[in-house]
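The values are calculated or read from the model by the stated rules, or taken from the named source; none is laboratory data. These numbers come from a predicted model, not from an experiment. No Cβ is skipped: glycine too gets one built from the backbone with ideal geometry, and neighbour counts run over all protein chains shown.
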């Protein structure tokens, strides 16, 4: 409640402050000022005059147009607001404020125009002049999707950018630009308003975004050197405009989330009883207590009518909402933008989590003096995230006995014959021997008893998600300031064709995070419990501080048809990390959750420091807008590397040719507006290798030695490390074609790329005779490459009352591992294998050959020890006559080969409809929950399809079912009906209807002069997915070495929302 009051107070103060700074704007509607003759000039982003721009007095028919030099003159009231518009540029408001002469009015080009100025590293460039691979994202389209993280909104919007995510509120998505470029982190670098923000931007609001660019190749990203190996996402936030009266915008929505139920078809109590009875009979295992066989019907039954639908009990309707208030404006020499944002998402699970809440406040200002432009930005965010009691991260719980799995998996596999809630379980002393040591036992949640359900060792997911508490609170502050000095103007040498600017950027960020975990004691049965001695409270504090200083010198000059832009600079960034961890065990009741109240207390602390010093340089050359050239070099030194090799140099070069500018170009400019061919080569680095990895350290008291027959304890270096760890390196090649046709209605881009990553960090096996404690050592030992094609097209038609825009993108990916270190040709991670010369993380298992229908099938097949009629048969790959672990082989790929996005927007008479979709092809997945539900073994609940198992012919000699035999326990040498094979792999090609939004823009005249731009909309998110895949989240976040493994990804909710926008 306190935070809500503080946030409301901040909102009120900002609104009051805005009216105090610009009282004339607010009072304009109250009193009419005397008329004055005002004059000014309208220019584009390069300062060139715009002929024929329209100037109109707001809310009147008074207006004029600019002349050849962009000048205008008009008689208006002294408190009037001018509306300036020009074809291909965004409309702008300018407050007169009784001034006779206005400062030059600069218009910004629309995003779809070729003259659009895009933000690149340490500068800007016209979209038509780009020679590197830079994707310009429609920021307004992104905001039509509700996510707690900006990165998730890029799904399906950019060719070559793959976004995969867990559906938990507040979850960080996995972002990969052009494939897997490292065995470590593959997250791109995020740069906000020119300041590198690391690899996560969860703490920022999407409502603050003005523009987004994605730098995909080395030519575009090399200016960021060792931090850009995984690509760069550049974000510019909103700022006010000069001479703009106070403008207040509100954006908000409210929505409900629910998880579709029919993804998995699980058994009810009667069906489960049938499965369990037959599986026990096949295993020669006694039927658990509580179940019986009805001899008259041949059916199995449970002892009572318990029939729990665990999905209905655990899942609930979630709520999400977002509210944003933005105040902006400016005077002749300054601008301001104040944004206050609140986001809240209550999750879809009963219990402590997952939930996510975030407050964000941002203030952007700028001020111009005679020759210096100052810009400042201050951002504060507070987030509060409740996590699941046990998630698919498989959090370790010390001393926890029993088969306790994550909440999602536990919900779907839980037996329907166990109650969700049972008041009698507060006291279990008469049924569970160990319960006498507990005060509350199972807290009123349903449990199983050994003498009824047998040895199932199951844990109630409701109990787990209510009793176990995991919370993270994060406070983040980021302050930036810059001063841009026009050097020539400072010395009175201002020249239209030559500019020399010195810019200093300063940034300081501070993040404070508090982690809270509470795991109380409870007992469900003699097999599932947490002893009092393992009751645990964890409280952790994490502090991250980052300081940055950048000095940049930029020269921009025009010599006839020659244009050159040169950037030179130096940057220094220092990061400090301070971790403090405390935990305590065994608490008295009633609980007072402070560490000192535990019987046993422990603590630890760590401090890290990381610094990077860089020198940068770039030359952009343009001849007659026809021949384009760019060269970049960055030299970095990182404290993460040893002194002798910590410097790295990262160059790039790119060329472009505007074929359409040639005199011999065969097509009219009305048909082909741009035909550009470009190519680039560059080198990037990756220094995300961790702190002090190259340094050998001593463990305390890890060695003993005998001196004069007396044991002396000491310390020694016992682990082998590579002191020569160096940068991971990436070489990129990129060739592209950019087309604009039919007066820019159609834009098309096609690219081919190849990225070769070398010196990748990889764990190399240490020989046993080395005499060290570690079995592997991290070295620059591996390499791989990614290559593919990317296509993007947009067609827009805004010439009539019915306006529309359709865009699509498609990318291919070919991944190959070319080295895994000395003497290593393969790496196996469970059911996934990485071979040199092949794709990373392919499926690895047995080749399925069908079901043994008769005893003859078994006799004529390679030996499968303990297999019965009705069991699965597998190929004897090595031909030795026996099927065993040596017969595993590669089964296919879990990495999508084709990703695509298709989006459309339609407008007609105030109505607008937007549709966003994306998908993947040539894509296969092994889903853990689906495979567990279709397992032919165990006591857990199953898919209804399993009931078709165990069907024989009337004479009992031929197995008829297409489902293998079921067993509660395996008595063979291998669990033949559960081996990882093609039976466990699904075709996961999909096309997701990610968002559909319908809105109506109300006419401004309905609301008088006080409210404008009113828009109401409804939307549906994650509406439907066309796929044959059985499982949640077909676009889940897979691991680097296990890309095709979906381990209990939390389901992304289907969301229905309504929202409102207005301005006053």
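Take the range 903-938 and flag every residue that is outside any strand (DSSP E or B) and either under 18 Å from residue 157 (Cβ atoms) or within 21 Å of the chain's Cα centre (by Cα) (or both). The one that is outside any strand (DSSP E or B) and either under 18 Å from residue 157 (Cβ atoms) or within 21 Å of the chain's Cα centre (by Cα) (or both): 923. Each residue in the range 234-286 was checked for being touching a strand residue (DSSP E or B) at 6+ places or on another chain (Cβ under 7 Å) and free of Cβ contacts under 8 Å to residues at least 24 places away in the same chain, and 1 pass. Go through the range 510-531 and give me each residue that's crowded, with 20+ Cβ neighbours inside 10 Å and not in a loop (DSSP other than H, G, I, E, B). Within the range 510-531, 519, 522, 523, 529, 530 qualify. For the range 178-190, a residue qualifies if it is surrounded by 20 or more Cβ atoms within 10 Å (Cβ to Cβ) and either touching a helix residue (DSSP H, G or I) at 6+ places or on another chain (Cβ under 7 Å) or over 20 Å from residue 141 (Cα atoms) (or both), and the qualifying residues are 178, 179, 180, 181, 182, 183, 186, 187, 188, 189. Within the set 384, 429, the sole residue that is under 16 Å from residue 517 (Cα atoms), surrounded by fewer than 21 Cβ atoms within 10 Å (Cβ to Cβ) and not assigned by TED's automatic domain parsing to the domain that holds residue 172 turns out to be 384. Being under 28 Å from residue 646 (Cβ atoms), touching a helix residue (DSSP H, G or I) at 6+ places or on another chain (Cβ under 9 Å) and touching a residue at least 12 places away in the same chain (Cβ under 8 Å) holds for only one residue in 785, 774, 755, 734, and it is 755. Say whether the condition of being in a strand (DSSP E or B), within 30 Å of residue 370 (Cβ to Cβ) and touching a strand residue (DSSP E or B) at 6+ places or on another chain (Cβ under 6 Å) is met by at least one residue in the range 490-499. So far as the range 490-499 goes, yes, one or more of its residues are in a strand (DSSP E or B), within 30 Å of residue 370 (Cβ to Cβ) and touching a strand residue (DSSP E or B) at 6+ places or on another chain (Cβ under 6 Å). The set of residues in the range 87-122 being at pLDDT 80 or above, in contact with a strand residue (DSSP E or B) (Cβ under 6 Å, 6 or more places away or on another chain), under 30 Å from residue 619 (Cα atoms) and part of a strand (DSSP E or B) consists of 89, 105, 106, 118, 119. The strands (runs of 3 or more DSSP E) found wholly in the range 270-342 and carrying at least 1 residues that are under 30 Å from residue 364 (Cβ atoms) and at pLDDT 95 or above occupy 318-330.
Is there a residue being free of Cβ contacts under 8 Å to residues at least 60 places away in the same chain, within 30 Å of residue 534 (Cβ to Cβ), assigned to a strand (DSSP E or B) and within 29 Å of the chain's Cα centre (by Cα) anywhere in the range 581-589? Yes, because at least one residue in the range 581-589 is free of Cβ contacts under 8 Å to residues at least 60 places away in the same chain, within 30 Å of residue 534 (Cβ to Cβ), assigned to a strand (DSSP E or B) and within 29 Å of the chain's Cα centre (by Cα).
Here is a yes/no grid of residues against (1) closer than 30 Å to residue 1031 by Cα; (2) surrounded by 16 or more Cβ atoms within 10 Å (Cβ to Cβ); (3) out of contact with any helix residue (DSSP H, G or I) (no Cβ under 6 Å at 6 or more places or on another chain); (4) at pLDDT below 95:
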position: 406; (1), (2), (3), (4): yes, yes, yes, yes
position: 410; (1), (2), (3), (4): yes, yes, no, yes
position: 416; (1), (2), (3), (4): yes, yes, no, no
position: 441; (1), (2), (3), (4): no, yes, no, yes
position: 455; (1), (2), (3), (4): yes, no, yes, yes
position: 481; (1), (2), (3), (4): no, no, yes, no
position: 500; (1), (2), (3), (4): no, yes, no, no
position: 503; (1), (2), (3), (4): no, yes, yes, no
position: 507; (1), (2), (3), (4): no, yes, yes, no
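Within the bounds of the range 387-399, is there any residue that is in contact with a strand residue (DSSP E or B) (Cβ under 6 Å, 6 or more places away or on another chain), surrounded by 23 or more Cβ atoms within 10 Å (Cβ to Cβ) and under 16 Å from residue 468 (Cβ atoms)? Yes: the range 387-399 contains one or more residues that are in contact with a strand residue (DSSP E or B) (Cβ under 6 Å, 6 or more places away or on another chain), surrounded by 23 or more Cβ atoms within 10 Å (Cβ to Cβ) and under 16 Å from residue 468 (Cβ atoms). Among strands (runs of 3 or more DSSP E) lying entirely in the range 763-879, which contain 2 or more residues that are assigned by TED's automatic domain parsing to the domain that holds residue 180, surrounded by 18 or more Cβ atoms within 10 Å (Cβ to Cβ) and touching a strand residue (DSSP E or B) at 6+ places or on another chain (Cβ under 8 Å)? Because the criterion is at least 2 residues that are assigned by TED's automatic domain parsing to the domain that holds residue 180, surrounded by 18 or more Cβ atoms within 10 Å (Cβ to Cβ) and touching a strand residue (DSSP E or B) at 6+ places or on another chain (Cβ under 8 Å), no strands (runs of 3 or more DSSP E) in the range 763-879 meet it.
Taking the criterion of being in contact with a strand residue (DSSP E or B) (Cβ under 9 Å, 6 or more places away or on another chain) and either crowded, with 19+ Cβ neighbours inside 10 Å or more than 15 Å from residue 282 (Cα to Cα) (or both), the residues of the range 938-960 that qualify are 938, 941, 942, 943, 944, 950, 953, 958, 959, 960.
For the range 961-973, taking the residues that are at pLDDT below 95 and surrounded by 16 or more Cβ atoms within 10 Å (Cβ to Cβ), the one that is nearest to residue 257 (Cα to Cα) is identified as 968.
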